[in-house]
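Q: Let me begin by handing over the structure; questions about it come next.
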Amino acid sequence: MLSTILAALAGHVALTGGHAIHKRVTTPAAYASNSDGSYALTSITAPVQGAGSPGSESTWKLTIDDTSSGYKQTITGFGAAVTDATVTSFNTLSSTELNQLLNVLMTSTGADFSLVRHTIGASDLSGDPAYTYDDNGGAVDTSMSGFNLGDRGTAMAEMLAKMKSLQSDLKVLGSSWSPPAWMKLNGVIDGSTTNNNLNDGYLGSGVGSAGYSSEFAQYFVKYIQAYEALGANINAITIQNEPLNSQAGYPTMYMFDYEQGDLIQSYVGPALASAGLDTAVWAYDHNTDVPSFPQNVLNTASQYVDTVAWHCYASSVDWSVLTDFKNSNPDVTQYMTECWTPASGEWYQASNFTIGPLQNWASGVMAWTLGTDSSDGPHLSSGGCDTCQGLVTINSDGTYTLELAYYMMAQYSKFIPTGAIILNGSGSYTYSGTGGIESVASLNPDGTRTVVIQNTFSNDVYVTVSTSSGQEWSGNVPTESVVTWVLPAV
Ligand SMILES: *[C@@H]1O[C@H](CO)[C@@H](O)[C@H](O)[C@H]1NC(C)=O
Ligand SMILES: *[C@@H]1O[C@H](CO)[C@@H](O)[C@H](O)[C@H]1NC(C)=O
């Protein structure tokens with residue numbers, strides 16, 4: 001009775017208030033996306049309290065601790081990388097179509113993404129030629145007077161500003177693939193893996209004892225200021241994408257772990273602070289197989305770094321590395337900042353690289369990349385990724401297609417808001433080769449609880465979730481689907 005009255009009142013307020021008033025959630029709901037796309041954030045039968053009616057279906061039990069003893073990490077958000085490929089292809093849309101797409105991506109109309117990564121200068125997902133924000137014709141520019149965002153940097157900052165205007169919770173991570181060529185020992189952005197290092201004196205062959213370390217730090221200061229002048233607030237940076245990956249085909253630069261720690265502690269951190277910028281610096285931005293790298297950065301630059309960024313490309317990806325890292329660094333915050341979404345990937349690949357990190361203390365997850373054209377580009381002809389399909393494909397006829405990976409990510413982002421607390425749980429299990437059930441749950445700022453369940457079995461499964469607060473919820477999880485339950489506040 002009370003809940004009926006509250007619902008009626010809430011409904012009335014929502015009607016008369018007109019905007020931004022959320023109805024109190026008093027009934028459970030369920031949404032699904034599946035392998036063949038017949039469910040795409042589709043509302044399905046909601047779970048019921050108690051054991052429900054599994055009939056002859058196979059059953060599965062999950063538990064979540066929704067009391068304070070089960071509280072784990074706080075969520076910042078979910079999203080994807082805004083690359084030059086994304087900005088270039090988005091900007092081929094009409095302004096009406098682009099506004100519609102950005103509303104789908106950045107508001108509760110659709111995925112409600114609130115965490116994006118963007119590329120500082122060229123990455124492998126940029127059209128030719130590769131560039132940075134201070135190329136200066138290759139000539140040394142210690143005064144940084146040649147600094148400029150250029151057309152592509154300006155267009156990217158403007159795109160991020162548009163996103164921010166739609167999503168007030170938006171947090172932006174900027175990552176550099178290569179600094180200007182003149183700051184490097186090999187003098188090139190890409191094309192050579194020989195001496196593919198910063199000219200910072202670290203290898204003993206640079207100019208002076210510290211080479212261009214100060215200019216390298218100023219490069220980040222100037223970039224953040226230039227973006228902010230265009231309305232794009234930069235919340236965090238990584239100073240080198242994939243520091244252990246040196247390749248000739250696209251912009252890269254090798255960086256040693258102690259080198260990264262020293263650069264942040266003695267140059268980048270102090271430069272940001274003296275410019276009055278509160279942009280954070282995150283460590284690493286690479287795979288889970290070398291956790292000693294971020295550990296050494298945290299140890300060396302503890303004054304400035306408390307967050308680690310991880311990628312998914314280790315040959316045998318193991319997200320429990322993040323739990324081990326949390327156990328040895330209780331105050332650390334962690335993110336999964338990059339994993340690709342090729343068209344050839346498993347239907348649940350994007351869900352899988354979201355749920356694994358979430359189960360292991362990640363505060364957010366970002367796919368690579370948000371958008372591409374219908375050829376998975378544009379990308380550098382010298383070796384950029386040609387199978388990195390975006391979450392959204394921009395078609396040549398001026399329309400866009402939300403790909404399966406978009407729906408997989410939205411099953412999380414739409415229902416686990418900024419500020420949600422991930423809850424400890426048990427019962428997730430994948431049989432090698434034969435599918436399984438994986439799940440993650442959150443307690444949301446409005447008191448509702450979200451449970452995301454990934455079913456990789458080729459049959460429906462009837463799932464029962466028991467909570468430490470003393471409830472039981474049961475419902476059907478269709479074959480090859482990701483299902484999100486939203487449960488009312490206790
Ligand atoms: C799913 O993630 C697990 C690690 O959590 C990994 O071992 C497995 O290969 C992944 N599968 C796919 C299809 O991405
Ligand atoms: C999480 O739940 C598991 C299984 O119930 C339990 O063994 C573990 O101690 C719990 N961890 C925390 C941090 O509460």
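The values are calculated or read from the model by the stated rules, or taken from the named source; none is laboratory data. In this text the structure is predicted, and so the values were computed from the model without any measurement. Quick reminder, even Gly has a Cβ in these numbers, built from the backbone with ideal geometry, and neighbours come from all protein chains shown. Remember, those area values only see protein heavy atoms, side chains included, never the ligands or the DNA or RNA. Shrake-Rupley method; radii C 1.70, N 1.55, O 1.52, S 1.80 Å.
Q: With the checklist (1) away from ligand 2 (no atom under 16 Å from the Cβ); (2) modelled with pLDDT of 95 or more in hand, flag the one item Lys72 doesn't pass.
A: Unmet condition: (1).
Q: If Gly150 meets every condition in (1) among the small types (Gly, Ala, Ser); (2) in contact (Cβ under 8 Å) with a residue 40 or more places away in the chain; (3) farther than 19 Å from Ser214 by Cβ apart from one, which number is that one?
A: (2) is the only condition that Gly150 fails.
Q: Another question about this same structure. If we scan region 113-127, do we find a residue that is open to solvent by 50 Å² or more (accessible area, probe 1.4 Å) and in contact (Cβ under 8 Å) with a residue 40 or more places away in the chain?
A: no
Q: Taking region 243-257 as the region of interest, how many residues are open to solvent by less than 20 Å² (accessible area, probe 1.4 Å) and either within 14 Å of Leu198 (Cα to Cα) or without any contact (Cβ under 8 Å) to a residue 24 or more places away in the chain (or both)?
A: 5
Q: What tally of residues in region 346-374 results from selecting those that are away from ligand 1 (no atom under 16 Å from the Cβ), outside any strand (DSSP E or B) and crowded, with 24+ Cβ neighbours inside 10 Å?
A: 2
Q: Mind counting the residues in region 222-256 that are hydroxyl-bearing (Ser, Thr, Tyr) and not in a loop (DSSP other than H, G, I, E, B)?
A: Qualifying residue count, region 222-256: 4.
Q: State all residues of region 38-88 that are touching a helix residue (DSSP H, G or I) at 6+ places or on another chain (Cβ under 9 Å), farther than 27 Å from Arg117 by Cα and open to solvent by less than 50 Å² (accessible area, probe 1.4 Å); if no residue qualifies, say none.
A: Ile64
Q: Would a scan of region 375-395 turn up a residue that is part of a strand (DSSP E or B), away from ligand 2 (no atom under 16 Å from the Cβ) and not hydroxyl-bearing (Ser, Thr, Tyr)?
A: Yes, because at least one residue in region 375-395 is part of a strand (DSSP E or B), away from ligand 2 (no atom under 16 Å from the Cβ) and not hydroxyl-bearing (Ser, Thr, Tyr).
Q: Condition first: on the phi > 0 side of the Ramachandran plot and either among the polar types (S, T, N, Q) or open to solvent by 10 Å² or more (accessible area, probe 1.4 Å) (or both). Can you find one or more residues in region 420-430 that meet it?
A: Looking for residues that are on the phi > 0 side of the Ramachandran plot and either among the polar types (S, T, N, Q) or open to solvent by 10 Å² or more (accessible area, probe 1.4 Å) (or both), one finds at least one in region 420-430, hence yes.
Q: Still on this structure, please answer the following. When region 317-345 is examined, which residues are found to be assigned to a loop (DSSP other than H, G, I, E, B), touching a Ser or Thr at 6+ places or on another chain (Cβ under 9 Å) and either without any contact (Cβ under 8 Å) to a residue 60 or more places away in the chain or not assigned by the TED database to the domain that holds Pro294 (or both)?
A: Val317, Asp318, Trp319, Val332, Cys339, Pro342, Ser344
Q: What number of residues in region 396-419 are assigned to a loop (DSSP other than H, G, I, E, B) and either under 22 Å from Asp112 (Cα atoms) or open to solvent by 50 Å² or more (accessible area, probe 1.4 Å) (or both)?
A: Total satisfying the criteria: 10.
Q: So, in region 304-345, how many residues would count as being more than 18 Å from Lys171 (Cβ to Cβ), of a type in the set (Val, Ile, Thr) and open to solvent by less than 10 Å² (accessible area, probe 1.4 Å)?
A: 1
Q: If I go through region 432-459 residue by residue, how many of them are open to solvent by 70 Å² or more (accessible area, probe 1.4 Å), at pLDDT 95 or above and out of contact with any Gly (no Cβ under 6 Å at 6 or more places or on another chain)?
A: Summing the residues that are open to solvent by 70 Å² or more (accessible area, probe 1.4 Å), at pLDDT 95 or above and out of contact with any Gly (no Cβ under 6 Å at 6 or more places or on another chain) in region 432-459 gives 2.
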